[in-house]
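Since the structure comes first, as structure tokens, the remarks are kept for the end.
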Amino acid sequence: MPRLLLLLPTRTYRAEAFLAAARCLHVSVTIGRAQRPEELTNSPDELLPLDVRDPQAAAPIAVAFARQHPLDAVIGVDDVTAVTAAAIAQAIGLPHNSVASVTAAGNKRQMRELLSGQGLLVPSHRVFPLDGDPQEFATEVVYPCVLKPLILSASCGVIRANDEEEFRRAFRRVGELLTNLGLVEWDEQARWILVEDFVPGIEVALEGLLTQGALQSLAMFDKPDPLNGPFFEETIYITPSRLPADVQQDIIACAARTAKALGLREGPVHGEFRVNEKGVWVIELASRTIGGHCSSTLNFASGMSLEELILRHALRMPLPPLTRQEQAAGVMMLPIPFGGRLREVRGQTEARAMPGIEELTITAEPGDELVPLPEGTRYLGFLLARGTTPEEVEQSLRDAHRRLTVVISASPTSSRSHALSF
């Protein structure tokens, strides 16, 4: 039976989907992480304790483990674990992306520099040290601009500034976020802030699969809600895209050029692009699958999930045609309206009953401290819908969302609470 080493961060929405795909394929799974997940039994080969943030330390541990329990594939589910997965695959001798290419894909500064050198459209950018003077930096940039950490994802820490005063506030806010998350202590890249020109236009996401450097597009998602700031909260993803076919082909071609410029050759990629009158702009191309529960929107031949497809590719199993089922689908990442402790989410029964809604998952638990963007690192939950057309799916998601009322205590020390209907 083939064995997969699945690298997980401390918190992720992605574990169960990969574990379910492994069960479907009769693949043994070893979890690589510091702590034992609750879903594991006591089998000693189900957990490999290692620091997924440290590729150099993790690789020899995995090599020693593989001598007793041979590994056939290594997969990381986010930007950090993808780097460690590449290091382990290289050390064991499995097909892999280079550590340098995956590192560049997860670092906004390195990516911008590599891509601009290859003639791809990327925002003009600069980096400033976290311990520098934002008063001085504010006079050196073009407005509007966007400040963001070199690391982190899902729009965490991303803020638009339209003038010098907004820049200074945003700079301090991003710096406090990186410090509070404890990233400054262990990652040099967390000691810098990227500032880039704001790129207007529509934004799309692309899910793809690389095989020996060739990119196969798996799905393109429209983002119908405008992402113009001051924060950039992801909400609705809809597939198939409603963009003209020639524009979609331009985006796919841009993604292929981006992967080549970064040096990525194997496995899943998730890209974010903006399109305007100047062409297709690269916002990011990550060496991983789409985050959260968003992959649930994608079904391929015979109902195959995205995770099963990725496992088949990594394990060099036969692949079906890489075309998704024709039915339109979409997901809404339920936003956190304001900070405080979650009391309850009302209207869930009504939301699930709306036409087209396939699933509603509230991932936050009553009593959880909720933090909205740009400091937040999680969503309230996810809505999934399917329908005949993208327009129908979008309407289903919005109608179901309006049925929800989120009750949040104003603060842990206050008995006051607020109920917000959408």
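Could you tell me whether Gly157 is crowded, with 19+ Cβ neighbours inside 10 Å and either part of a helix (DSSP H, G or I) or not assigned by TED's automatic domain parsing to the domain that holds Glu46 (or both)? Here the answer is yes, as Gly157 does meet what is asked. Within region 335-386, the set of residues being free of Cβ contacts under 8 Å to residues at least 60 places away in the same chain and touching a His at 6+ places or on another chain (Cβ under 8 Å) comprises Ala351, Leu383. Residues of region 273-307 that are in a strand (DSSP E or B) and not β-branched (Val, Ile, Thr): Phe273, Arg274, Asn276, Gly279, Trp281, Glu284, Leu285, Ala286, Asn299, Ser305.
Restricting region 211-230 to residues that are part of a strand (DSSP E or B) and in contact with a strand residue (DSSP E or B) (Cβ under 6 Å, 6 or more places away or on another chain), which is farthest from Thr289 (Cα to Cα)?
So, considering only residues that are part of a strand (DSSP E or B) and in contact with a strand residue (DSSP E or B) (Cβ under 6 Å, 6 or more places away or on another chain), the one farthest from Thr289 (Cα to Cα) is Asp222.
Within region 300-324, residues that are within 14 Å of Val269 (Cα to Cα) have Cβ atoms under 6 Å from residues that are hydroxyl-bearing (Ser, Thr, Tyr) and part of a helix (DSSP H, G or I) in these pairs: Leu306/Ser295, counting only partners at least 6 apart in sequence or on another chain. Here Tyr143 passes the criteria (1) surrounded by 15 or more Cβ atoms within 10 Å (Cβ to Cβ); (2) in contact (Cβ under 8 Å) with a residue 12 or more places away in the chain except the one numbered (1).
For Glu166, state whether it is modelled with pLDDT of 95 or more, part of a helix (DSSP H, G or I), of a type in the set (Asp, Glu) and outside the structural domain of Ile75 (by TED's automatic domain parsing). Working first, answer last.
On the way: modelled with pLDDT of 95 or more: yes; part of a helix (DSSP H, G or I): yes; of a type in the set (Asp, Glu): yes; outside the structural domain of Ile75 (by TED's automatic domain parsing): yes.
Spelling it out, Glu166 is indeed modelled with pLDDT of 95 or more, part of a helix (DSSP H, G or I), of a type in the set (Asp, Glu) and outside the structural domain of Ile75 (by TED's automatic domain parsing).
For Gly93, state whether it is more than 27 Å from Glu284 (Cβ to Cβ) and surrounded by fewer than 13 Cβ atoms within 10 Å (Cβ to Cβ). When the stated conditions are applied, Gly93 passes them. May I ask you to verify whether Arg316 is in a loop (DSSP other than H, G, I, E, B) and either buried (at least 17 other Cβ atoms within 10 Å of the Cβ) or on the phi > 0 side of the Ramachandran plot (or both)? Answer is yes for this residue. Of all positions in region 202-209, at least one carries a residue that is in contact (Cβ under 8 Å) with a residue 24 or more places away in the chain and either assigned to a helix (DSSP H, G or I) or farther than 16 Å from Val282 by Cα (or both).
Across region 226-252, the number of residues qualifying as at pLDDT below 95 and within 18 Å of Gly387 (Cβ to Cβ) comes to 1.
Tell me, which residue of region 187-216 that is among the small types (Gly, Ala, Ser) and surrounded by fewer than 20 Cβ atoms within 10 Å (Cβ to Cβ) is farthest from His313 (Cα to Cα)? Ranking the candidates gives Gly201 first. Restricting Val122, Val184, Val102 to those that are within 24 Å of Gly201 (Cβ to Cβ) and in contact (Cβ under 8 Å) with a residue 12 or more places away in the chain reduces the list to Val122. Counting only strands (runs of 3 or more DSSP E) that sit wholly inside region 336-422, those with at least 2 residues that are modelled with pLDDT of 95 or more, under 22 Å from Thr12 (Cα atoms) and not assigned by TED's automatic domain parsing to the domain that holds Asn180 are 340-346, 357-362, 381-387.
The values are calculated or read from the model by the stated rules, or taken from the named source; none is laboratory data. No experiment lies behind these values; they were computed from the predicted model shown. Glycine also receives a Cβ, built like all others from the backbone with ideal geometry; neighbour counts cover every protein chain displayed.
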